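Each remark here refers to the structure printed beneath this line.
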Amino acid sequence: MEPELGGMLRQKGVDVDEITCIGCKHCAHVAHNTFYIESEHGRARVFQQDGDPEELIQEAIDTCPVDCIHWVDYTKLNTLEEERKYQVIPIAGSLVDSGAARIASHRNKQNADKKKI
Ligand code: SF4
């Protein structure tokens with residue numbers, strides 16, 4: 001089973017929890033063919049799953065100061081990407097309550113779904 005990812009046998013993808021990310025840019029320096037810093041909130045995001053060797057991505061994961069980069073099953077990548085459209089990124093400098101941010105994100109998604117109906 002060949003996943004829709006780079007590499008012959010990679011069965012997992014990499015994802016950044018942008019709510020937790022502090023935008024230090026470290027991962028984008030370590031694995032610059034995988035991560036970039038999105039311009040709206042200054043958080044890291046994956047732009048290419050097969051951009052760097054797995055070892056380099058693992059180094060970015062291991063050295064992220066807030067542990068917000070994770071391997072995920074490649075079948076979940078589309079769902080995570082869809083959910084990201086509705087996430088609420090806290091304003092820099094404010095206290096982060098990831099639970100509250102995820103609830104707000106979920107509510108935004110529900111409101112968007114209601115508008116479609
Ligand atoms: Fe965000 Fe971690 Fe990358 Fe820093 S290393 S930009 S905290 S994902």
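What follows is calculated from the coordinates using simple rules that are stated; it is not laboratory data. Remember, predicted model here, so these are calculated numbers, not experimental data. In this analysis, Cβ positions are derived from the backbone assuming ideal geometry, glycine residues included, and neighbour counts consider all displayed protein chains.
Each residue of region 67-72 was assigned a 3J(HN,Hα) from its phi angle through the Karplus curve 6.51 cos²θ - 1.76 cosθ + 1.60 (θ = phi - 60°); the sequence is 6, 10, 10, 9, 6, 9 Hz, with glycine and proline shown as x.
Here r is the Cβ-Cβ distance between L56 and V88 and R0 is 22 Å; the resulting FRET efficiency, rounded to 0.05, is 0.10. For the pair H70 and C24, label points projected 7 Å from Cα toward Cβ lie 1.9 nm apart. With the simple model of a label 7 Å out from the Cα in the direction of the Cβ, T79 to Q11 spans 1.7 nm.
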